[in-house]
């Protein structure tokens, strides 16, 4: 099993565990006041059961929809709304559930980004080049380079000592936007200014997950940077994966 698939299996597994825990909690919350509610009105226990049953049914339908979207890679059942639920509700809950089972936050972040990517792929139609933004971290730039590119990536001298040169050329070929950010605050400002329809972002686990959450509802396709020298220092990126994702959106999934 590939690493990407194992992350998705982990995510779905945690979803199932969370749903089971919700069922147990709901059953407990229903059972404890059962006698007291019956004393007030005999229909109240049934109404409470219907309420919790509805919540659990929605959770099951949501999980099933996510699984089907991951399997078929198609926008089957409201993947846009599902992506919002995953970002705003499910991911924080899974972090807590993962802690209970000793699963590292980094693994769950990996799984979250991979699942988010599939949901973004499923819902995205054809994107015009000017509405697509490549958002890169400044740590891709060679550490010894003195040229400032965070304000204007066109300042790059294209010496070839880092991947920025290749990204600049890729952006020119496909006529898409390219920006480099030094952190979350700058990245958010860039998104507000550029107003992209979709973002392909490269970053570490922490910055990608927070960036996906902060940018919502703008869809973000996340790619993890490669850190041969450790974090935030002369990092690398899989250019082929960036181009593949970009072509998927520009060609409407064709």
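The values are calculated or read from the model by the stated rules, or taken from the named source; none is laboratory data. The structure presented is a predicted model; accordingly, all values stated were derived computationally and were not measured. So basically every Cβ, Gly included, is an ideal-geometry build from the backbone, and we count neighbours across all protein chains shown.
Only one residue in 202, 180 is part of a strand (DSSP E or B) and over 19 Å from the mean Cα position of the chain (by Cα). Which one?
Result: 180 is the single residue among 202, 180 that is part of a strand (DSSP E or B) and over 19 Å from the mean Cα position of the chain (by Cα).
For segment 184-204, state whether one or more residues are modelled with pLDDT under 95, buried (at least 22 other Cβ atoms within 10 Å of the Cβ) and in the same structural domain as residue 219 (by TED's automatic domain parsing).
For segment 184-204, residues modelled with pLDDT under 95, buried (at least 22 other Cβ atoms within 10 Å of the Cβ) and in the same structural domain as residue 219 (by TED's automatic domain parsing): present.
Answer yes or no: is there a residue in segment 223-230 that is assigned to a helix (DSSP H, G or I) and loosely packed, with under 14 Cβ neighbours inside 10 Å.
no
Looking at segment 214-234, can you tell me whether even one residue there is more than 18 Å from residue 164 (Cα to Cα) and more than 20 Å from the chain's Cα centre (by Cα)?
yes
A quick yes/no check of all residues on (1) modelled with pLDDT of 90 or more; (2) within 30 Å of residue 59 (Cβ to Cβ); (3) touching a strand residue (DSSP E or B) at 6+ places or on another chain (Cβ under 8 Å):
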position	(1), (2), (3)
98	no, yes, no
108	yes, yes, no
115	no, yes, no
121	no, yes, yes
125	no, yes, no
132	yes, no, yes
145	yes, no, no
168	yes, no, yes
172	yes, no, no
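Within segment 25-38, identify whether any single residue is modelled with pLDDT of 75 or more and either under 30 Å from residue 116 (Cβ atoms) or in contact with a strand residue (DSSP E or B) (Cβ under 9 Å, 6 or more places away or on another chain) (or both), and answer yes or no.
So far as segment 25-38 goes, yes, one or more of its residues are modelled with pLDDT of 75 or more and either under 30 Å from residue 116 (Cβ atoms) or in contact with a strand residue (DSSP E or B) (Cβ under 9 Å, 6 or more places away or on another chain) (or both).
Condition test on residue 250, is it under 19 Å from the mean Cα position of the chain (by Cα) and either closer than 19 Å to residue 126 by Cβ or not assigned by TED's automatic domain parsing to the domain that holds residue 105 (or both)?
no
Does residue 242 fit the bill of being under 18 Å from the mean Cα position of the chain (by Cα), surrounded by 13 or more Cβ atoms within 10 Å (Cβ to Cβ) and either without any contact (Cβ under 8 Å) to a residue 12 or more places away in the chain or assigned to a loop (DSSP other than H, G, I, E, B) (or both)?
So residue 242 fails the test.
Quick check on segment 139-153. Is at least one of its residues more than 23 Å from residue 74 (Cα to Cα), surrounded by 14 or more Cβ atoms within 10 Å (Cβ to Cβ) and within 22 Å of the chain's Cα centre (by Cα)?
Taking every residue of segment 139-153 in turn, at least one turns out to be more than 23 Å from residue 74 (Cα to Cα), surrounded by 14 or more Cβ atoms within 10 Å (Cβ to Cβ) and within 22 Å of the chain's Cα centre (by Cα).
Name the single residue that is farthest from residue 140 (Cα to Cα) among those in segment 154-173 being surrounded by 15 or more Cβ atoms within 10 Å (Cβ to Cβ) and touching a helix residue (DSSP H, G or I) at 6+ places or on another chain (Cβ under 7 Å).
For segment 154-173, the residue satisfying everything is 170.
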